[in-house]
Every structure is written in C-alpha cells, then in structure tokens.
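Contents: one structure, followed by commentary.
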Amino acid sequence: MTGKVAVVDRIPTFRAGLAAVLEQGGFEVAEPEPPEFRTSYDQLDAAVVTIHAADMHTIRALLAEFPELIVVAVLVSPAIEDFCGALRAGAHGGVQWDSTPDEILAVVRAALAGQSLLPAPIVRALAESSVERPEGGTLREDEIRWLRAIARGTSVVRLARNEGYSQREIFRRLSDLYARMGVRNRHEAIALASRWGLLMPAPEPAVEHRTTVLQLRQTN
C-alpha cells in the first residue's frame, strides 16, 4: 500500500533520509512546513514523524488539528518509555530510527492498512501496564464490537461505514470509549480489552475455549 506521506523532522538530514526511504518504497513524499499544517496535511494519507528527546508534542499537535491523519513515529531512542509515549500521544505505529528501510516501510504500510506494527517488547509493556477492569466498567455491546473490529485490523474509516456513522462521529465515540476505559488511544484500548477478555467472541454451544487474537504485530 502506498500513498501521499509527509515527513516531519526538525533536522534536515534526518528528514531527507526518511524521504528517500519512503520514495524508494513507492510513496509520494510531501514536506510541508509547520505554518502550512492547516492547509496541507488534510490532503495527506499519513505523516512520518521523527521523535527526538521531547518531541511528543509534535504528534499531539498534528492529531489535534487533523484527527484522522495516520501518524507513524520514528524513534531516535530505542527506550520502551519513548515508544509508549509516542503511542499515548496518538501514534498509530512506531519504529526505531536505525531500522532497515524495509522495516520502516512495513510499519508505515501497516498503519495505512489499519494495523499497528510494533516491536514485541513494546506490546508486552503495554499489556503489563494495563490496569484491571474496574467495577462498573461495563461496556455496551456495540462498543465491544468496535474494539473487536479494531483489534482485527479494521480501519476507523471502514468501521464508521459499517456502523452507519460519519468518520468524525465514530472518532468522537471511540475517544469517549477510550476515556471511559482509562486509556489514551486505540493501541492501549486493544491491549486493555484483551486483558479484560473482551476480544474473545461470545462462546458457541459446546465450545469451552476460544482464542483471542490481538492485532498488534511483532517485528523481528
């Protein structure tokens, strides 16, 4: 899967390197400057954002202005805390800066396909940091259905179509759902819903065990 992607990095050499990788992978690369965010990013499919020490605000600023934009974080630091910080800020996937071009492209393509490609340690860290289901934390049947669909890799665009909502309305409803679950984004919601056992389909007669599938892929 390809598309039009912006490269966001305050260091020109880093920006040029990422742009070259994406172009070689078949993406059309745009590099709008911050003052043009309002008029340029709504024409893009995704933004690839390099995250330095304290740049999480860049992801938050982009998504505050363009909530439907797919954002992939390229982490200069391999620290788990930085990956988790990027995901909490709203990134749809993450990859280390020193990853191979193929690995970077795989993460971007997965995000555009509605899936999250993350290193295994990050997935484990998200699961381990999830809190137990609180009393009174019952979710509606339709909300559980949304979580299962997202965990299977269904994009928010397709989910909105399937549920009969506009994209903006389904984003609003999902944001409200995440807030009530005590999480900040879809990645934490999937991990928490899995821990609560909500991703398992309802049991069928004479079937005692079902398998839960968590669509947070692992990188090698």
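For the reader, a short list of remarks on this structure follows.
- Taking label points 7 Å from Cα along the Cα-to-Cβ direction, residue 64 and residue 16 give a separation of 3.2 nm.
- Paramagnetic reach from residue 24 in the range 68-87 [backbone N under 20 Å; point 7 Å along Cα→Cβ]: 73-76
Computed from the coordinates by the stated procedures, all read-outs in this text should not be read as laboratory data. Please read these numbers as outputs of a predicted model, since none were measured by experiment. Using ideal geometry, Cβ is built from the backbone for each residue, glycine included, and neighbour counts are taken over all protein chains shown.
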